[in-house]
């Protein structure tokens with residue numbers, strides 16, 4: 001999937017959308033029941049159309065109520081759009097270099 005960024009983004013969106021439809025509401029949990037890590041996040045967002053970015057933001061916002069956590073892993077925090085970052089609860093940064 002890394003070699004086909006649009007397929008990678010579509011797969012992410014499809015999987016999270018399906019989970020949202022299938023999982024019961026979990027409310028506000030102290031810890032998520034399920035966590036997904038998406039490595040090489042820049043591949044998801046580089047050259048992505050705005051409509052796709054908006055849909056990813058919406059699904060991430062909605063799926064939290066189902067007890068699902070989402071982490072995007074990247075070497076540069078600016079790889080992740082601000083509107084998506086705004087939906088994520090945690091950030092971990094190590095050894096940022098200019």
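Laid out as a table, the results:
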quantity	calculated
Qualifying residue in the stretch 1-12 (condition: closer than 14 Å to residue 88 by Cα, touching a residue at least 12 places away in the same chain (Cβ under 8 Å) and part of a loop (DSSP other than H, G, I, E, B))	no
Any hit, the stretch 39-50, residues being at pLDDT 90 or above and in a loop (DSSP other than H, G, I, E, B)	no
Residue within the stretch 13-20 that is at pLDDT below 90, assigned to a helix (DSSP H, G or I) and surrounded by 13 or more Cβ atoms within 10 Å (Cβ to Cβ) present	yes
Residue count for the stretch 59-77, restricted to those that are assigned to a helix (DSSP H, G or I), buried (at least 17 other Cβ atoms within 10 Å of the Cβ) and without any contact (Cβ under 8 Å) to a residue 40 or more places away in the chain	1
Residues that are in contact with a strand residue (DSSP E or B) (Cβ under 7 Å, 6 or more places away or on another chain) and under 18 Å from residue 8 (Cα atoms), drawn from the stretch 29-68	35, 36, 37, 38, 41, 44, 60
Lone unmet requirement of (1) out of contact with any strand residue (DSSP E or B) (no Cβ under 9 Å at 6 or more places or on another chain); (2) modelled with pLDDT under 85; (3) exposed (fewer than 11 other Cβ atoms within 10 Å of the Cβ) for residue 89	(1)
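The values are calculated or read from the model by the stated rules, or taken from the named source; none is laboratory data. As the structure is a computational prediction, the values presented were derived from the model and not from experiment. Glycine also receives a Cβ, built like all others from the backbone with ideal geometry; neighbour counts cover every protein chain displayed.
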